[in-house]
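Q: I have a structure here, written as structure tokens, and I will follow up with some questions on it.
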Amino acid sequence: MTKKNYSADMTKKIEVKWSVKPTIPEGIIVGCNRNQEWLLPWWWVNFSLHNSYPITFVNFGDMSETAIRWCQNRGNLIDFVLKDDSFIALKEQISPDLVKIWDKHNPDIWDCRRVWFQKTLVLLQTPYQKTVWIDLDCQVIKPIQQIFDEFLEDSETAIVHEPDMYDEQKREIGILLEDEKMVNAGVLAYRHGAAVILEWAKQIIEKNHLFFSDQYLLARILYLQPSLSVMYISDYYNWFVADGINPKATILHWWGPANKYMLQEEIKYLSKHFLIDLYMK
């Protein structure tokens, strides 16, 4: 099957559209699978200390019964299981040249792509007029009201650019264009009906075999279509912990295996010495 036929066939199978226009003004969406369940209590404690927005938890299909009950007790839970996820290209369906580059960047990519490329389709199912998607490895340490009250008043979508030094690394290995800017969708704010979200979802179906992850596809869309309604907000709203803990930040992002290990150790320490219950029960 050629890449052209592959893309065309998949587009016909998946209907990409917004859910019915929501009535709830504002809210949060968080996605989870079985491998991420351990983050849920930690994420919840940090978020709820500073914010009280309604939360929709998304089950990507394999969450445990314990985690499902835990989410249902704290917010709304929706199951998101695609009947046919064959539109997500397998390693053998991708150009060998791209496979070589992607493996060099992150050899563990092949276990992640299925969830990465489903995430964008989940965004279309938001029950909120204004939504903030927040990854589970993001530590919300301050109120996020400004995102709703200011950023999403002036724009359909709000997102953070990654630091320039990370862009240079990506350009060196050939996964980012020379003057293209990378974005990080760990924190992504949008209004229901945002043009960029729908375009992103459509291209996820058609072009995922050309991009390392959903974020790289989004960066390319924003690069090629600069007229889209997007506000690039301060990195205080998606601060990489790898660059040090920033007390001015609103959201700290503990992405990557090394930071996840540090986070697991922090959870153990807080639970043992401060009697803070950060485990699923």
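Q: Of the residues A201, A219, A242, A258, only one is among the aliphatic types (A, V, I, L, M), within 27 Å of L40 (Cβ to Cβ) and modelled with pLDDT of 95 or more; which?
A: A201
Q: Yes or no: L121 surrounded by 17 or more Cβ atoms within 10 Å (Cβ to Cβ), touching a residue at least 40 places away in the same chain (Cβ under 8 Å) and assigned to a helix (DSSP H, G or I)?
A: yes
Q: Considering only residues that are touching a residue at least 60 places away in the same chain (Cβ under 8 Å), under 23 Å from R114 (Cβ atoms) and of a type outside the set (G, A, S), which ones fall in region 29-65?
A: Within region 29-65, I29, V30, C32, N33, Q36, E37, W38, L39, L40, W43, T56, V58 qualify.
Matching residues to (1) outside any loop (DSSP other than H, G, I, E, B); (2) farther than 28 Å from V160 by Cβ; (3) under 17 Å from the mean Cα position of the chain (by Cα):
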| site | (1), (2), (3) |
| --- | --- |
| V58 | yes, no, yes |
| C71 | yes, no, no |
| K100 | yes, yes, no |
| P107 | no, no, no |
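Q: Could you say whether any residue in region 81-95 is touching a strand residue (DSSP E or B) at 6+ places or on another chain (Cβ under 9 Å) and surrounded by fewer than 20 Cβ atoms within 10 Å (Cβ to Cβ)?
A: yes
Residue-by-condition table, conditions (1) of a type in the set (A, V, I, L, M, F, W, C); (2) buried (at least 20 other Cβ atoms within 10 Å of the Cβ); (3) under 18 Å from G256 (Cα atoms); (4) out of contact with any helix residue (DSSP H, G or I) (no Cβ under 6 Å at 6 or more places or on another chain):
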{"residue": "M165", "(1), (2), (3), (4)": "yes, no, yes, yes"}
{"residue": "K170", "(1), (2), (3), (4)": "no, no, yes, yes"}
{"residue": "G186", "(1), (2), (3), (4)": "no, yes, yes, yes"}
{"residue": "A189", "(1), (2), (3), (4)": "yes, yes, no, no"}
{"residue": "G193", "(1), (2), (3), (4)": "no, no, no, yes"}
{"residue": "I197", "(1), (2), (3), (4)": "yes, yes, no, no"}
{"residue": "S213", "(1), (2), (3), (4)": "no, yes, yes, no"}
{"residue": "R220", "(1), (2), (3), (4)": "no, no, no, yes"}
{"residue": "Y223", "(1), (2), (3), (4)": "no, no, no, yes"}
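Q: If the requirement is being surrounded by fewer than 18 Cβ atoms within 10 Å (Cβ to Cβ), within 17 Å of the chain's Cα centre (by Cα) and not charged (D, E, K, R), which of these qualifies: N51, N35?
A: Result of the check over N51, N35: N35.
The values are calculated or read from the model by the stated rules, or taken from the named source; none is laboratory data. Computed from a prediction, not measured in an experiment: that's the story for all the values here. Cβ atoms come from the backbone with ideal geometry, glycine included; neighbour counts cover every protein chain shown.
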